1. Determine the pairs where a residue that is open to solvent by 30 Å² or more (accessible area, probe 1.4 Å), located within region 407-422, has a partner that is aromatic (F, W, Y) with Cβ atoms under 9 Å apart, the partner being 6 or more residues away or on another chain.
2. If we scan region 406-418, do we find a residue that is part of a helix (DSSP H, G or I), modelled with pLDDT of 95 or more, of a type outside the set (D, E, K, R) and over 19 Å from the mean Cα position of the chain (by Cα)?
3. Residues that are in contact with a Pro (Cβ under 8 Å, 6 or more places away or on another chain): find the strands (runs of 3 or more DSSP E) completely inside region 198-312 holding 1 or more of those.
4. Failed condition for G425, given (1) closer than 24 Å to D213 by Cα; (2) open to solvent by 10 Å² or more (accessible area, probe 1.4 Å), with all others met?
5. Any idea which of (1) open to solvent by 20 Å² or more (accessible area, probe 1.4 Å); (2) modelled with pLDDT under 90; (3) farther than 26 Å from F350 by Cβ is the one M176 doesn't satisfy?
6. Can you tell me which condition E436 does not meet? The list is (1) under 20 Å from I41 (Cβ atoms); (2) touching a residue at least 40 places away in the same chain (Cβ under 8 Å); (3) open to solvent by 30 Å² or more (accessible area, probe 1.4 Å); (4) touching a Phe, Trp or Tyr at 6+ places or on another chain (Cβ under 8 Å), and all the others hold.
7. Those residues that are in a strand (DSSP E or B) and open to solvent by less than 20 Å² (accessible area, probe 1.4 Å), I need them from region 56-78; list them, please.
8. Before we move on, is A53 open to solvent by 10 Å² or more (accessible area, probe 1.4 Å) and in a loop (DSSP other than H, G, I, E, B)?
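The values are calculated or read from the model by the stated rules, or taken from the named source; none is laboratory data. All figures in this text were calculated on a predicted structure; none of them were measured in a lab. In this analysis, Cβ positions are derived from the backbone assuming ideal geometry, glycine residues included, and neighbour counts consider all displayed protein chains. Note: areas computed on protein heavy atoms with side chains; ligands, DNA, RNA excluded. Shrake-Rupley method; radii C 1.70, N 1.55, O 1.52, S 1.80 Å.
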Amino acid sequence: SCGMDTQAEEKGKIFDVIVVGAGAGGISAGRELQKKGMNAIILEARSRIGGRACTTAESEFGYPIDLGGQWIHSASKENPLFRQAAEWNLLGHVVHPSHCRSFHHGFSTSRPRGWYLDVKSGEVMSRSKTNKASRAYRNVMNSLDVDPKKDQSLREVLEPLIKRENESLDNVDRSMLTSFLEGIEEYEGNELELLSAQFYEFDTGTIQGGNADVRCGYGQLVKRIAEESKLDIRLEQKVVNVEGWGMKKKNNKFVTISTAKGEIYRCRCCILALPIGVYKSGSVAISPNPPVENLETTYFNKIAIEFDSKFPKVNSKDGCVIEADHHVSELMPFGDCRNKFRRFMNFSRFSARNVWLGYTTVAYSKRMVSLSDEQVLADALEVFKSAFGNTNSDSGDGRKQNIVTLPKVKKYIVANWTKDPLSLGSWTCVPVGGSEKDIRRLERGFPEYGLFYAGECANVSELGTIHGAYMAGIRAARQAIELVAMHSS
């Protein structure tokens, strides 16, 4: 059973360490504690492990799809998850981020060797045209000059640079430049108006490397690590209260943890590995309060859709013939749809089924807290109707009408991390008013209260990444081991 069945709490038992949360950070903390012979358990609110590393079963869509973290960033031997995936022969493609950037004006298809199709005209755009916008983007980013004495948003710093470049660009080039800049929001997970320019320029990444995908899915990698380690993980144990040393009794040197089922656990030290959104919401009462007032959560959701048949070779509403099968690797919306979805990836390249994975914009992700899955699907289908829908303008009685038809939706899954009460957002970002010092406070934890923090929010060098969470778990476990040893001697 790999120790992952919920077990009854041993009455009166005091654990060395209890880890709250079985995401990547909690798993790595558990492994490190296990290596050092600590009497430790992991409490997880969900019925599964992995947290925001969540992958569908291959049978679900014919190919494993990551609903949470998708790429191993900083793909190199210094990254422990990259090393593990390589050892188990689970690595897919390893690419550098600069090779992944693409722009699509209207609806378009990714073409080999950087070709771009302008759906409005139906013509492949010239390399010189795309290069012009790319150069403008590089000029903007290379000219980024942040005054360390000013607390500015990234938008404030970028705006005059964008204005300067736009003077020498036509409308299409300007749209391309805007698309490249929107990619920053997608990558950072929040609006340019909210992101701290100082932290954006702060060189956080200590591990160099590109991006790598995991053939079985990132969530499956984290799950396998936990299973092979045979950790004592107790599922469906939602923690509602954590009290550090001496919060109620002055000389009490135990951390007290309460669950929604009314169970009480005590330990010498606690490692918290929860999402930043949970800390900020106060849905888990933690004493002392987590030092997250100057940090923010990000907003990035997904929808996986399978249609019951392939899209035919059709004319789009803009009059451009599109090969709507595996030749279309990526779809980027145009017009109103672009405010909701950043892109759709075509998984028909890997599966015999017509499966697409959509990424929502930051603004739409925030709205999704009040949207049903059905509403999100309806909005997503508008993208496909505009791109691949078969438009019929003949009503049969002389009147003109537009009827857009698509293959039927066979199944779909919405990964709404914004609405999920156990995540309340995606990863961590530093907004205006915050700095790397706020993350270092989480890295230090509260040893005077027996509390330490794991997870991606507690790693200043690899913030917002699954491997960053994993590395933070190792660091937090070592802090806990040292503290337990100190008070046991």
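1. That search, which allows pairs on different chains as well, returns K408/F307; V409/F307; K410/F307; K411/F61; I413/F61.
2. The answer is no; no qualifying residue exists.
3. In region 198-312, the matching strands (runs of 3 or more DSSP E) lie at 210-214, 264-272, 302-307.
4. Going through (1) closer than 24 Å to D213 by Cα; (2) open to solvent by 10 Å² or more (accessible area, probe 1.4 Å) one by one, G425 breaks only (2).
5. All conditions are met except number (1).
6. (1)
7. Selection gives D66, I72, S74, A75.
8. It is false that A53 is open to solvent by 10 Å² or more (accessible area, probe 1.4 Å) and in a loop (DSSP other than H, G, I, E, B).
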